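In what follows, a single structure is set out as structure tokens and then discussed.
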Amino acid sequence: MEDIEHIPKELKLIDEKGIRLDGRRFNELRPIKIEAGVLKKADGSAYMEWGNNKVLAAVYGPREAHPRHLQNPAKALVQCRYNMAPFSVTDRKRPGPDRRSVEISKVISEAFASVVFVEQFPRTSVDIYIEVLQADAGTRCAGLTAASVALADAGIPMRDLVASCASGKIGGVVALDLNKDEDNFGEADCPMAIVPRSGEIVLLQMDGHLTADEFDQAMDLSINAAKQIYELQRDALRRRYASVAEAAEQEAMREPAPSEAPREMPPDLPPEVDDL
Amino acid sequence: MDGSAPARREVVIPGDLLNGHGLKPGSGTFNEGGRIYAARVGIVAEREGFVSVIPLSGRYVPRPGDVIIGKITDLGPSHWLVDINSPYPAPLNAKETPWMVEFGDTDRYLRVGEVILAEVVSVDEAMRVQLSMADRQFGRLTGGQILGVSPAKVPRLIGRDGSMVALIREFTNVRMFVGQNGRIWIDGDPEGVHHAAVVIRMIDESGPAPGLTDAVRAYLEAAYGRRATTPAERDDDGRH
């Protein structure tokens with residue numbers, strides 16, 4: 001079904017030196033890039049590249065929940081739709097929701113419902129759309145991580161960002177952040193999401209088998225990685241909102257400038273103090 | 001612009017610990033285990049014993065006292081339903097208008113699609129909103145045009161004590177109402193409306209950095225080829 005011809009029969013997912021197919025060690029993440037605020041029409045959005053995964057997340061709301069009978073008079077609904085583009089995988093994916101994407105949508109909605117202050121917006125819904133443009137294993141983690149940035153970008157009050165990462169077992173070794181080949185031919189994959197500040201786990205799934213010890217190892221790997229990812233998320237948001245402010249501040253730091261440096265201001269006007 | 005930039009300039013992200021010694025958690029923050037954290041992306045402000053986070057994004061959430069621009073979406077025998085650009089539809093009771101509306105006669109006063117300037121009177125726990133148009137300054141808006149901005153940018157558009165609005169009015173001579181819900185109504189001669197619209201777009205697209213008033217003044221002075229008469233003033237990020 002998949003393009004597995006390039007994989008030799010006696011393939012080792014991880015060699016004697018502990019190097020994986022793509023050159024990583026057991027505890028290394030794929031390269032990650034996050035950008036916040038990429039869509040104009042959405043209240044909040046984020047684009048993320050995680051290895052070969054490319055994911056777009058958009059957040060709308062809080063807005064009036066439809067259909068009306070779904071409205072909760074005490075709190076907001078958090079509704080997520082995870083969707084894979086037909087072109088996101090090598091064989092065309094049949095468009096539309098399927099068993100897998102409905103499940104992923106559900107677990108992601110529940111993960112976010114536990115951090116968003118839902119009681120501040122009764123009768124509304126916060127709608128999260130996750131579009132997977134290119135998939136290479138770990139898309140639910142990538143989607144969740146991007147959606148978390150999009151939620152913050154949308155100005156939705158929440159306890160903390162949610163950071164997510166998967167660990168699994170390949171060639172008998174517990175390893176972090178499996179890619180497509182490792183996911184397909186490895187023994188187990190275990191995605192999870194945490195609230196980094198409190199360490200609370202808001203999503204935990206497993207496909208395959210791990211012993212209790214291996215599971216503990218996988219959890220430790222994922223938690224450490226999620227904390228790294230958390231910093232990348234925060235960085236993306238800071239870049240989106242503080243770029244101008246920080247540039248101005250750095251400028252002020254570099255040259256302890258004359259305190260009343262005229263900035264393209266007519267000389268006969270009193271200098272502007274400092275607006276914002 | 002000065003080196004001793006106050007800490008309130010700092011952009012915070014949900015989950016950031018705020019330095020709230022002896023302060024109470026205000027809007028955009030929450031208390032957990034006796035510490036105060038930011039609940040949303042914004043700028044920290046300390047005022048009257050509260051630490052709060054001034055949002056940089058987000059939808060309009062009605063608060064009592066807000067002046068808003070609403071659009072009539074539906075009418076009943078003694079009330080209208082008004083879209084106030086928020087997640088909650090807002091009813092305007094016929095008693096809350098300057099007119100003596102007979103039961104069933106609501107469509108003689110306001111029809112679907114018409115635009116009003118009104119005030120949010122109350123917002124209860126369940127976010128049920130009530131509007132009023134009874135005060136003299138409120139009423140139906142006819143003619144002109146409506147622009148939308150992010151509700152988080154409205155305080156910047158108004159400026160400290162209305163300085164930004166005053167600046168725009170001084171040059172463009174437009175009639176202008178700014179709704180807290182991110183809708184702006186302007187009317188005037190085509191040139192004035194054009195320049196006002198450009199400035200409003202500028203403010204909507206501006207980041208949290210200082211220097212906005214300067215940029216707006218520079219644009220208007222260039223467009224009209226004359227100097228501003230009002231002295232430079234500080235912007236404000238507080239709500240009005």
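When you go through (1) at pLDDT 90 or above; (2) of a type outside the set (D, E, K, R); (3) surrounded by 22 or more Cβ atoms within 10 Å (Cβ to Cβ); (4) assigned to a helix (DSSP H, G or I) one by one for B:ILE184, which number turns out not to apply?
In the conditions (1) at pLDDT 90 or above; (2) of a type outside the set (D, E, K, R); (3) surrounded by 22 or more Cβ atoms within 10 Å (Cβ to Cβ); (4) assigned to a helix (DSSP H, G or I), B:ILE184 misses (4) alone.
When you scan region B:166-195, how many residues do you find that are closer than 15 Å to B:GLU221 by Cα and β-branched (Val, Ile, Thr)? Write out each step before concluding.
Applying the first criterion (closer than 15 Å to B:GLU221 by Cα) to region B:166-195 yields B:166-173, B:191-192, B:194-195.
Those still in the list that are β-branched (Val, Ile, Thr) too: B:168, B:172.
The qualifying residues number 2.
For region B:9-33, enumerate the residues that are in contact with a strand residue (DSSP E or B) (Cβ under 9 Å, 6 or more places away or on another chain) and of a type in the set (Gly, Ala, Ser).
If the condition is that a residue be in contact with a strand residue (DSSP E or B) (Cβ under 9 Å, 6 or more places away or on another chain) and of a type in the set (Gly, Ala, Ser), then B:GLY15, B:GLY20, B:GLY26, B:SER27, B:GLY28 are the ones that fit.
For B:LYS71, are the conditions met, namely being touching a residue at least 40 places away in the same chain (Cβ under 8 Å), closer than 27 Å to B:GLU125 by Cβ and among the basic types (Lys, Arg)?
It is true that B:LYS71 is touching a residue at least 40 places away in the same chain (Cβ under 8 Å), closer than 27 Å to B:GLU125 by Cβ and among the basic types (Lys, Arg).
When you check B:ARG111 against the structure, is it under 21 Å from A:ARG123 (Cα atoms) and part of a loop (DSSP other than H, G, I, E, B), yes or no?
When the stated conditions are applied, B:ARG111 does not pass them.
From the list A:TYR47, A:TYR82, pick out the single residue that is over 16 Å from A:ASP127 (Cα atoms), crowded, with 21+ Cβ neighbours inside 10 Å and more than 14 Å from every other protein chain (Cβ to nearest Cβ).
After applying the criteria, what remains is A:TYR47.
State whether the residues of region A:152-170 include one that is of a type in the set (Val, Ile, Thr) and within 14 Å of chain B (Cβ to nearest Cβ).
Scanning region A:152-170, I find at least one residue that is of a type in the set (Val, Ile, Thr) and within 14 Å of chain B (Cβ to nearest Cβ), so the answer is yes.
Which of the residues spanning region A:118-136 are over 20 Å from the mean Cα position of the chain (by Cα) and in a loop (DSSP other than H, G, I, E, B)?
A:PHE121, A:PRO122, A:ARG123
Listed here are the residues, each with its yes/no results for (1) over 12 Å from A:THR145 (Cβ atoms); (2) more than 14 Å from chain B (Cβ to nearest Cβ); (3) among the acidic types (Asp, Glu); (4) in a strand (DSSP E or B).
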position: A:ASP220; (1), (2), (3), (4): yes, yes, yes, no
position: A:ASN224; (1), (2), (3), (4): yes, yes, no, no
position: A:LEU232; (1), (2), (3), (4): no, no, no, no
position: A:ARG239; (1), (2), (3), (4): yes, no, no, no
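B:ARG175: within 19 Å of B:GLN145 (Cβ to Cβ) and touching an Asp or Glu at 6+ places or on another chain (Cβ under 6 Å), yes or no?
Details: within 19 Å of B:GLN145 (Cβ to Cβ): yes; touching an Asp or Glu at 6+ places or on another chain (Cβ under 6 Å): yes.
Here the answer is yes, as B:ARG175 does meet what is asked.
Just to be sure before I move on: is B:PRO98 in the same structural domain as B:ILE116 (by TED's automatic domain parsing) and at pLDDT below 90 in the structure I sent?
Working: in the same structural domain as B:ILE116 (by TED's automatic domain parsing): yes; at pLDDT below 90: no.
So B:PRO98 does not fit the description; no.
Of everything in region A:166-185 that's of a type in the set (A, V, I, L, M, F, W, C) and touching a strand residue (DSSP E or B) at 6+ places or on another chain (Cβ under 7 Å), which residue is surrounded by the fewest Cβ atoms within 10 Å (Cβ to Cβ)?
If we take residues in region A:166-185 being of a type in the set (A, V, I, L, M, F, W, C) and touching a strand residue (DSSP E or B) at 6+ places or on another chain (Cβ under 7 Å), then A:VAL173 is surrounded by the fewest Cβ atoms within 10 Å (Cβ to Cβ).
Could you count how many residues in region B:13-36 are away from every other protein chain (no Cβ under 14 Å) and among the aliphatic types (A, V, I, L, M)?
Adding up the residues that qualify gives 1.
Is there a residue being of a type outside the set (A, V, I, L, M), touching a Cys at 6+ places or on another chain (Cβ under 8 Å), part of a strand (DSSP E or B) and under 16 Å from A:ARG234 (Cβ atoms) anywhere in region A:162-173?
Scanning region A:162-173, I find at least one residue that is of a type outside the set (A, V, I, L, M), touching a Cys at 6+ places or on another chain (Cβ under 8 Å), part of a strand (DSSP E or B) and under 16 Å from A:ARG234 (Cβ atoms), so the answer is yes.
Does A:LYS40 meet the test of being among the basic types (Lys, Arg), at pLDDT 90 or above, in a loop (DSSP other than H, G, I, E, B) and surrounded by fewer than 18 Cβ atoms within 10 Å (Cβ to Cβ)?
yes
Restricting to region A:186-195, what's the tally of residues that are in a loop (DSSP other than H, G, I, E, B) and either of a type in the set (Phe, Trp, Tyr) or crowded, with 22+ Cβ neighbours inside 10 Å (or both)?
Count: 1.
Being farther than 21 Å from A:ASP235 by Cβ and within 14 Å of another protein chain (Cβ to nearest Cβ): is that true of A:GLU182 here? First the steps, then the outcome.
Details: farther than 21 Å from A:ASP235 by Cβ: yes; within 14 Å of another protein chain (Cβ to nearest Cβ): no.
When the stated conditions are applied, A:GLU182 does not pass them.
What number of residues within region B:89-138 are buried (at least 16 other Cβ atoms within 10 Å of the Cβ) and under 29 Å from B:VAL198 (Cα atoms)?
7
Could you grab me the full set of residues in region A:50-79 that are more than 14 Å from chain B (Cβ to nearest Cβ) and under 22 Å from the mean Cα position of the chain (by Cα)?
Within region A:50-79, A:TRP50, A:GLY51, A:ASN52, A:ASN53, A:LYS54, A:VAL55, A:LEU56, A:ALA57 qualify.
If you go through region A:134-147 one residue at a time, do you hit one that is facing another protein chain (nearest Cβ under 8 Å), among the basic types (Lys, Arg) and farther than 11 Å from A:ALA58 by Cβ?
From region A:134-147, those facing another protein chain (nearest Cβ under 8 Å) are none; that's our starting set.
There is no residue in region A:134-147 that is facing another protein chain (nearest Cβ under 8 Å), among the basic types (Lys, Arg) and farther than 11 Å from A:ALA58 by Cβ.
Does A:ASP220 fit the bill of being surrounded by fewer than 22 Cβ atoms within 10 Å (Cβ to Cβ), of a type outside the set (Ser, Thr, Tyr) and under 21 Å from the mean Cα position of the chain (by Cα)?
yes
State all residues of region A:196-216 that are more than 14 Å from chain B (Cβ to nearest Cβ), more than 17 Å from A:LEU144 (Cα to Cα) and surrounded by fewer than 20 Cβ atoms within 10 Å (Cβ to Cβ); if no residue qualifies, say none.
A:ASP207, A:GLY208, A:HIS209, A:THR211, A:ALA212, A:ASP213, A:GLU214, A:PHE215, A:ASP216
Could you tell me whether any residue of region B:165-181 is assigned to a loop (DSSP other than H, G, I, E, B) and surrounded by fewer than 19 Cβ atoms within 10 Å (Cβ to Cβ)?
Here is the first cut: in region B:165-181, the residues assigned to a loop (DSSP other than H, G, I, E, B) are B:173-174, B:179-181.
Now drop any that are not surrounded by fewer than 19 Cβ atoms within 10 Å (Cβ to Cβ), which leaves B:173.
Looking through region B:165-181, at least one residue is assigned to a loop (DSSP other than H, G, I, E, B) and surrounded by fewer than 19 Cβ atoms within 10 Å (Cβ to Cβ).
The values are calculated or read from the model by the stated rules, or taken from the named source; none is laboratory data. The structure displayed is predicted, hence computed values, not measured ones. Cβ sites come from the backbone with ideal geometry, for glycine too, and all protein chains shown count toward neighbours.
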